[in-house]
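The values are calculated or read from the model by the stated rules, or taken from the named source; none is laboratory data. If you're wondering where the values come from, they're calculated on a predicted model, not measured in any experiment. No Cβ is skipped: glycine too gets one built from the backbone with ideal geometry, and neighbour counts run over all protein chains shown.
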Amino acid sequence: MTPNPTPGITNPRARQRALAVGVAAEPGNGDGLVELKELLRTAGVATAGELVQARDAPDPDRYLGRGKLEELRDLIRASDANLVACDDELAPRQERNLEQALGVPVIDRTAVILDIFADHAHSAAGKLQVELAQLEYNLARMRGLWTHLERLGAGTTGGIGTRGPGESQIETDRRLARDRIAGLRRRLKRLERNRAVMRARRDEAALPSAALAGYTNAGQSTLLNALTGAGVGVGERLFETLDPTTRAYEHEGRRFLLTDTVGFIRKLPHQLVEAFKATLEETTLADLIVHVVDASESEGGRGDAMRAVDEVLEEIDAGSTPRVLVLNKIDLLGEAERRELAIHEPEAVLVSARTGEGVEELRARIATEFEATLRPVELLFPYDDGGRLSELHEVAGRIEREERSDGVLVRARVPAALRHRFAEFAINRIEPDGGDGDSGPDRG
Ligand SMILES: Nc1nc2c(ncn2[C@@H]2O[C@H](COP(=O)(O)OP(=O)(O)OP(=O)(O)O)[C@@H](O)[C@H]2O)c(=O)[nH]1
Ligand SMILES: [Mg+2]
C-alpha cells in the first residue's frame, strides 16, 4: 500500500516532481514540452526539469537512446525528481525498460490526461466514461486494478505512476477489470438510451443546432456563455469541461441550440475518444460546427491545434459537417495582428468571448449558415389554426404574412427536413425531400 499522504497536503500528488521528457525530429522548433508541462500542472504535478531528444521517432524499446538515458538518470538525481513523464503514449515494454533503467516511476502522456479527466468528471456518464478509458488503458499494460479502486475509495490516491500489486495478483485483476468493463459498457448504453429520448424530444422542436469544437482552453465555454448568457464553468486549467451542455439563444426571432463539450488535444488518447463517443455524439449530430481557435497563440501553435481538432472531428465522423471558424481572444491582439489574421483567415469570424466583441457578428454568421439550408414554402393557414401558425413561427423565424378572406397566407423559409410537417397548408404541393418544392401545373 502507499503511505498515507503527508498531513496538511490536501493533494498528495503535489509531492510528485516530474521530469518532462520528449522526442522531437527538430527540437527547438515549435513549443517543445510546453503542453506536457501544462498537463502536469493541471494534474497537480510539479515539473522539476525537462529533456528533449532529437530523433525521428522514439526508440521502440526504451523511448530514448542509450546515451540520452544516461543523461536523464543524472538529471533525475540533480533535479531531485521522483517521476518521469513522457510526451507520447508508451508501449508497456518501453515503460518497463525505462523504469528499470531509471529507478523511478515512469508515466506517459495518456496516463496524465486520464488522470485529469478522472479529476474533472462530474456527471454520472462522465465518470463512467473515464473509468472505462482508465480500465482499458490499465488492462492493456497488465497493471493492477488497485490504483483505480483506491481512487473510488477513501480518496487517498497514490498519484499517477503508482504501481499495482505484484504479478500474482494481476490475473485476478484482469478478470475483475474485464467484468467491470462489461458492466460499465452496459450502464453507458442505458444512459445513451435516455439521451436519445431527450434528443428525440429536442429534434421534435426542430431548432437549428450548432456544436462548439476546439482545442482545450480555446475558450469554448466562455463563448457559450457569451452567446447564450449561460453560466457554464470556465477555467485556466485544461479540460475544464467534460460534460456536454446545451443552451438555447435567440437571434432575429429564431431560436438556436448551442452545445459546449469536451475540448480536444493533440494526441488525444484513443481510449478517451472511444469512451467519450456518446458525449461527442452531440457534436456529430449538430447541423453546424463552430470551431473555436485561440487567436493569441503563435501561428505554429494555432496550426497544430486546428489540425488536432480536424483529426478528432474526422475520427468521430463529423468531418463533413459544415463549419464556421472562430478566432477567439482577439482582445489580446493589437490592430496590426488582427488585420494580419483577417487576411490569413478571410472566412473566420474574429471575436472576444471575454469582452463580447464580435459576438453579435458570430450570431449573424451562424444564422446565415443555417439560412443556406432553408427551403421556401407558401402556406395558407385557416383563421382557426393559429396554433400551427405559431409552430411555423418557431421553426421559420421571420415570416411574411398576408391576411386573406380564407385565412393567413404565409411565405417563409423552413429547414428542408421539416417541410412535410406543414404539407396540409401548402398552396403548392410540397414535394418529398429531394425535389425543390415546385409542382407542375398538371399535378395536384
Ligand atoms: N483574454 C481572453 N481570455 C479568454 C477569452 N475567452 C476565454 N478566455 C480565457 O481562456 C481560458 C479558457 O477558457 P474556457 O472557456 O474555459 O475554455 P474551454 O475551451 O472551454 O476549455 P476546456 O473546457 O478546459 O477544454 C479561461 O481562463 C478564460 O477566461 C477571450 O476572449 N479573451
Ligand atoms: Mg470548457
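If a residue has to be of a type in the set (A, V, I, L, M) and either more than 20 Å from residue 113 (Cβ to Cβ) or more than 11 Å from ligand 1 (Cβ to nearest atom) (or both) to count, how many in segment 235-253 make the cut?
So the first thing to find is which residues in segment 235-253 are of a type in the set (A, V, I, L, M), and the list is 238, 242, 248.
Of the ones still in play, those that are also either more than 20 Å from residue 113 (Cβ to Cβ) or more than 11 Å from ligand 1 (Cβ to nearest atom) (or both) are 248.
Selection size over segment 235-253: 1.
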Of the residues 320, 405, 352, which single one is among the polar types (S, T, N, Q) and farther than 25 Å from residue 262 by Cβ? 405
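Of everything in segment 48-71, what is part of a loop (DSSP other than H, G, I, E, B) and more than 18 Å from residue 35 (Cβ to Cβ)? Give them in sequence order.
Those that are part of a loop (DSSP other than H, G, I, E, B) and more than 18 Å from residue 35 (Cβ to Cβ): 55, 56, 57, 60, 61, 62, 64, 65.
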Is segment 328-350 home to any residue that is within 26 Å of residue 276 (Cα to Cα) and in contact with a strand residue (DSSP E or B) (Cβ under 6 Å, 6 or more places away or on another chain)? yes
Qualifying position, being more than 13 Å from ligand 2 (Cβ to nearest atom), touching a residue at least 24 places away in the same chain (Cβ under 8 Å) and either closer than 30 Å to residue 301 by Cα or surrounded by 12 or more Cβ atoms within 10 Å (Cβ to Cβ) (or both), among 257, 242, 238, 224: 257
Do we find a residue being touching a Leu at 6+ places or on another chain (Cβ under 8 Å) and exposed (fewer than 12 other Cβ atoms within 10 Å of the Cβ) anywhere in segment 352-372? no
Can you pull out the residues in segment 305-341 that are within 14 Å of ligand 1 (Cβ to nearest atom), more than 12 Å from residue 213 (Cα to Cα), touching a residue at least 24 places away in the same chain (Cβ under 8 Å) and outside any strand (DSSP E or B)? 329, 330, 331, 332, 333, 341
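Quick test for you: out of 414, 410, pick the one residue that is of a type in the set (Val, Ile, Thr), crowded, with 19+ Cβ neighbours inside 10 Å, modelled with pLDDT of 90 or more and not in a loop (DSSP other than H, G, I, E, B).
Just a single option satisfies the conditions, and that option is 410.
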Contact list, first residue from segment 60-73 and within 18 Å of residue 89 (Cα to Cα) and small (Gly, Ala, Ser), second anywhere and assigned to a helix (DSSP H, G or I) and at pLDDT below 95, beta-carbon distance below 7 Å, six or more apart or interchain, is none
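For segment 278-289, state whether one or more residues are in a helix (DSSP H, G or I) and over 30 Å from residue 394 (Cβ atoms).
No, every residue in segment 278-289 fails to be in a helix (DSSP H, G or I) and over 30 Å from residue 394 (Cβ atoms).
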Can you work out which of the residues in segment 376-392 that are surrounded by fewer than 18 Cβ atoms within 10 Å (Cβ to Cβ) and more than 15 Å from residue 407 (Cα to Cα) is modelled with the highest pLDDT? 376
